[in-house]
1. Can you tally the net charge around GLY368? Count Lys and Arg as +1, Asp and Glu as -1, for every other residue whose Cβ sits under 9 Å from the Cβ of GLY368.
2. Going by average Cβ neighbours within 10 Å, how do the peptides 337-346, 44-53, 76-85, 263-272 rank, with the highest at the top?
3. Counting every Cα pair in the stretch 362-432, what percent are over 21 Å apart?
4. Please compute, over every Cα-Cα pair in the stretch 291-358, the percentage with a separation greater than 20 angstrom.
5. Just to be sure I understand the curve: with the Debye formula and one point per C-alpha of the chain, what is log10 I(q)/I(0) at q = 0.09 Å⁻¹?
6. List the aspartates and glutamates whose Cα lies under 20 Å from the Cα of LYS82, skipping any in the same chain that are fewer than 8 positions away.
7. Have a look at LEU315, GLN76, ALA385 and report the one farthest towards the positive end of the charge dipole of the chain, computed about the Cα centre with Cβ charges (Lys/Arg +1, Asp/Glu -1).
8. Report the one residue of VAL418, LEU153, ILE33 whose Cα lies farthest in the direction of the positive end of the charge dipole of the chain (charges on C-beta: Lys and Arg +1, Asp and Glu -1; origin at the Cα centre).
Amino acid sequence: MKKTYVSPTIERNVIGLMNKHGHGATSPVCDRIDGVRTADLLKEHGSPLFVYSETALREKYRAAHRAFSKRYASVQFAWSYKTNYLRAICQVFHQEGSIAEVVSDFEYDKARNLGVPGSQIVYNGPYKTRESLVRAVAEGAKIQIDNLDELLLVEDIARGAGRKVDVAIRVFADCGIQPVWSKFGFQYETFDAYRAIKRIHSGGKLNLAGLHMHVGTFILEPNAYRVAAAKLMFLAEVARKEFGFEVEYLNLGGGFASCNTLHNQYLPGEQTTPTFDQYAEAIVDGIHSELPSGQIPPKLLLETGRALVDEAGYLITTVRAMKRTAAGQPAIVVDAGVNLLYTANWYKFNIRPAQPNPGPPVQTMIYGCLCMNIDVLREQAALPALGVDDAIVFHPVGAYNQTQSMQFITYRPRSVMVCSNGTVEVIRERED
Ligand SMILES: *Cc1c(COP(=O)(O)O)cnc(C)c1O
């Protein structure tokens, strides 16, 4: 039989060994998460298991907030619910001072049920139902208008409410990132955004209180935010001079990269992801580049999602079977599939054994547990020889995996939070 050709691969140095940037900080074994033994977590809560670190959530949030507040007087974060809307996670961010950012009626309800007042909800998305907009208007939510049809709808609702309604418009622009996300909002370069502002003025039912731009996601180039902030600030000045609108806030959306590693990246994310300081510097610089002297800078809103939550999340899975691929590569079957780890499409997670396994690391294929050929969590992970019942830990997986998980042929597992006081709490029950 003809042997299958297997192309050679270059893998980065195993974390913990030296590379040209110095020592990595992470141990090659993940036998504890925030001091709690991985084995105990599995015994108590079953496998697979999502684990979130409260400490990591709070530390990230504080680092991000500090980077901006030390450079800019008025900063407000709005937690992007769709990135992870487990109640416990949202609550941690709300306790830290974040308001809510929602993109559907479902998420709007979720925020209200968590006790967030309407006035502290930023309402985004390309389609908002009329009923939810009526509620958002009545409750004073920060509506970010996506398109002309929505603009007319909100005007109609404002007419019914008998008062002027504060709104923002979402804008998209060329900020040097390709492809430009043109699905959302009004284009800057073609004057669509300008015309939307003009329409808001002539309609007489709405007040332009804010301008929004979300450049994209996992943006590794801080300069894109400098351009975005400058363009929004320029537009705010046009709105003030031509139409008398005092734009209260600029909303720069989300999109900061987490410390994950994209499949096409050679160096690990911890070494390539810009710092919050770099993003903050770019945004503040961009605003000031277009701010006329004497003018009070607008409030800055940020909807950072993945960069705040990704690294707080772990998925522990258990090896259930050993195999070899047709090319003779070692392979394992674990008890979680791509239905739980949607972001395996983009990211080379850190994958570590939960127990010390002897022997050198070998490139191992990690198959998920779904009866579907595409269910591969990683084609090549450097792992020591594992056996059935050994556990492996995927990290960082805190962003988007919960909210995009599917109930495809399996029940979704339990999620727990390792709290800052060392206790472990169930924050989402296993399905039955
Ligand atoms: C998804 C989303 C975010 C969060 O994006 P991240 O890339 O996770 O930071 C923020 N704002 C809007 C409008 C979004 O759609």
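1. Details: positive: none; negative: ASP335, ASP375.
Local charge sum for GLY368: -2.
2. Details: 337-346: 20.5, 44-53: 22.1, 76-85: 24.4, 263-272: 14.8.
Top of the packing list down: 76-85, 44-53, 337-346, 263-272.
3. Percentage above 21 Å: 42.
4. Details: 1253 of 2278 pairs.
Roughly 55 percent, rounded to a whole number.
5. Debye curve over Cα of the chain, log10 I(q)/I(0) at q = 0.09 Å⁻¹: -0.62.
6. Straight-line reach from LYS82, under 20 Å: GLU54, GLU96, GLU101, ASP105, GLU107, ASP109, ASP146, GLU303, ASP310, GLU311, GLU429.
7. Of the listed residues, the answer is ALA385.
8. Checked the options; the winner is ILE33.
Taken together, the values in this text are just the output of simple stated rules run on the coordinates, not laboratory data. Treat the numbers as computed from the prediction; the structure is a model and nothing was measured. As a convention, Cβ positions derive from the backbone with ideal geometry for all residues, glycine included, and neighbour counts pool all protein chains shown.
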